[in-house]
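S.K.: Below is the structure I would like to discuss, written out as structure tokens.
The values are calculated or read from the model by the stated rules, or taken from the named source; none is laboratory data. In this text, all values refer to a predicted model and were calculated from it rather than measured experimentally. Note: ideal-geometry Cβ built from the backbone for every residue, glycine included; neighbour counts use all protein chains shown.
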Amino acid sequence: MGNFLMDQTKLCGTQSLHFQRPAYILSAASVAGKKEAEGPLGKKFDMVDEQDNLFGAKTWEEAESNMQKEACILAIGKAGLKPEKIRYLFGGDLLRQGIATSMGVEALQIPMFGLYGACSTSGEALALAAMSVSAGYGDSMLAVTSSHFGSAEKEFRFPLGYASQRPLSAHWTVTGSGAFVVGTDPGNVKISGITVGKIVDYGLKDSQNMGACMAPAAADTIVRNLKDFGRTAEDYDRIITGDLGSIGQSILFDLAAEKGYDLRQKHLDCGMLIFDPETQDTHAGGSGCGCAAVTLASYLLPKIESGEWKRILFVPTGALMSTVSFNEGASVPGIAHGIVIEHCRKEAAGWTI
């Protein structure tokens, strides 16, 4: 088994893997809320609740579970599969004990790994799904994440009825869920490698400024990816973080520059893409597990699938805090996982980049 795994995967540097046997993203689905539908990506989502963001439920938490279930069903259907053909499901959310995921995917009866990486969970799920496919543990895996503005505010900040004032550094938790089927069947989008992030803590304690808390982890993972693969920023069409927002982006640029990398011409951030700062009052930008996931599913993957982009580095970022750690005055460490996603084309001799 050890020799088989090494034939399928090459260890790169200290934190990265290059898959000799590619894991293809066979399908993706996005489900989003009303505010997200009013943003720049609104017409690209597969499903939207344009009424009350409850998705037919009575509570925010149940609504988030419903989003996950719908996203999973849509992604599985797009891949032409049935739930019983999915070997494993990797999923997570922001809530205690991952209840949005466990209650959302229960009806699918797919063997499940529950994850928590805060807003980086989509990267963690995709990384584990790709590793499992490349290692031969199954032909099809499902990766899913979600977040909901109402449930996140209630758990981490204040119930919406409090109408509390948010500082300009705050992010707006995206109401959305993204699901991805990763498999062995050749497609024109593949995950060719990953860089697993480390926990990076600069001692910041302001949970209302998550961009600043997460930027050091994003910089660390991006620089490590470039070193491990022997690449420069120019080797990617775009380097895309998940949830840094406008404040975190500027910090990322400074930290990367200190290490000799200029990311300004290549960088995009999902939290800055999903909302319009001129017309939507979201302050620093979007965040939440659903932010990077729905942006990848609705906006980024189509550009890779069409060949407009040949290779991107997708880096969801997470602020690893809880209500307990925050109330006890602990700092907010960050983590970021890098997913190398590439365009493929079908040729007579086989599938190539």
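S.K.: SER192 fails exactly one of the following numbered conditions: (1) among the small types (Gly, Ala, Ser); (2) assigned to a helix (DSSP H, G or I); (3) surrounded by fewer than 24 Cβ atoms within 10 Å (Cβ to Cβ). What is the number of that condition?
M.R.: (2)
S.K.: Pull out all pairs, ordered by first then second residue, where Cβ-Cβ is under 8 Å, the residues are six or more apart or on different chains, the first lies in the stretch 105-132 and is touching a residue at least 40 places away in the same chain (Cβ under 8 Å), and the second is surrounded by fewer than 21 Cβ atoms within 10 Å (Cβ to Cβ) and of a type in the set (D, E, K, R).
M.R.: Within 8 Å, the pairs are SER132/ARG87.
S.K.: Output the residues belonging to the stretch 211-238 that are over 27 Å from TRP172 (Cβ atoms) and outside any helix (DSSP H, G or I).
M.R.: The answer is GLY230, ARG231, THR232, TYR236, ASP237.
S.K.: A further question follows. Specify which of the listed residues (ALA219, ALA212) is closer than 26 Å to LEU17 by Cβ and either charged (D, E, K, R) or assigned by TED's automatic domain parsing to the domain that holds VAL332 (or both). Step through it out loud before you land on a result.
M.R.: Working: ALA212 fails: closer than 26 Å to LEU17 by Cβ.
Exactly one residue qualifies, and that residue is ALA219.
S.K.: In the stretch 37-71, which residue that is over 23 Å from ILE99 (Cα atoms) and among the acidic types (Asp, Glu) is surrounded by the fewest Cβ atoms within 10 Å (Cβ to Cβ)? Give the derivation first.
M.R.: Residues of the stretch 37-71 over 23 Å from ILE99 (Cα atoms): 37-46, 50-51.
Filter once more, keeping what is among the acidic types (Asp, Glu): 38, 46, 50.
Numbers: GLU38: 14, ASP46: 19, GLU50: 11.
So, considering only residues that are over 23 Å from ILE99 (Cα atoms) and among the acidic types (Asp, Glu), the one surrounded by the fewest Cβ atoms within 10 Å (Cβ to Cβ) is GLU50.
S.K.: Working carefully through the options PHE314, PHE275, find the one that is part of a loop (DSSP other than H, G, I, E, B) and either buried (at least 24 other Cβ atoms within 10 Å of the Cβ) or among the aromatic types (Phe, Trp, Tyr) (or both).
M.R.: Working: PHE314 fails: part of a loop (DSSP other than H, G, I, E, B).
None of the other options fit; the residue is PHE275.
S.K.: Here are some conditions: (1) assigned to a helix (DSSP H, G or I); (2) at pLDDT 90 or above. LEU11 meets all but one. Which one does it not meet?
M.R.: Against the list (1) assigned to a helix (DSSP H, G or I); (2) at pLDDT 90 or above, LEU11 comes up short only on (1).
S.K.: Any residue in the stretch 85-95 that is free of Cβ contacts under 8 Å to residues at least 12 places away in the same chain and out of contact with any strand residue (DSSP E or B) (no Cβ under 6 Å at 6 or more places or on another chain)?
M.R.: Looking for residues that are free of Cβ contacts under 8 Å to residues at least 12 places away in the same chain and out of contact with any strand residue (DSSP E or B) (no Cβ under 6 Å at 6 or more places or on another chain), one finds none in the stretch 85-95, hence no.
S.K.: Right, next: Any idea how many residues of the stretch 199-230 are surrounded by fewer than 17 Cβ atoms within 10 Å (Cβ to Cβ) and within 19 Å of the chain's Cα centre (by Cα)?
M.R.: Qualifying residue count, the stretch 199-230: 1.
S.K.: Identify all residues within the stretch 256-272 that are surrounded by 21 or more Cβ atoms within 10 Å (Cβ to Cβ) and not small (Gly, Ala, Ser); write none if there are none. Lay out the reasoning, then the answer.
M.R.: Filtering the stretch 256-272 for residues surrounded by 21 or more Cβ atoms within 10 Å (Cβ to Cβ) gives 256, 263, 267, 269-272.
LEU263, HIS267, ASP269, CYS270, MET272 - these are the residues of the stretch 256-272 that are surrounded by 21 or more Cβ atoms within 10 Å (Cβ to Cβ) and not small (Gly, Ala, Ser).
S.K.: Show me the helices (runs of 4 or more DSSP H) found entirely inside the stretch 49-166 where at least 3 residues are at pLDDT 95 or above.
M.R.: 60-78, 121-134
S.K.: Anything in the stretch 244-262 that is within 20 Å of the chain's Cα centre (by Cα) and outside any helix (DSSP H, G or I)? List them, or say none.
M.R.: Within the stretch 244-262, LEU244 is the sole residue that qualifies.
S.K.: While we're looking at this one, here's another question. Looking at PHE229, PHE253, which is the one that is of a type in the set (Phe, Trp, Tyr), touching a residue at least 40 places away in the same chain (Cβ under 8 Å) and closer than 17 Å to PHE314 by Cα?
M.R.: PHE229
S.K.: Then there's this: Going by what's in this entry, would ALA57 be described as outside the structural domain of LYS198 (by TED's automatic domain parsing), aliphatic (A, V, I, L, M) and closer than 17 Å to ALA129 by Cα?
M.R.: no
S.K.: Among the residues of the stretch 322-329, is there at least one that is of a type in the set (Phe, Trp, Tyr) and at pLDDT below 90? Break it down into steps so the answer makes sense when it comes.
M.R.: Residues of the stretch 322-329 of a type in the set (Phe, Trp, Tyr): 326.
Next, only the ones that are at pLDDT below 90 stay: 326.
Yes, the stretch 322-329 has at least one match.
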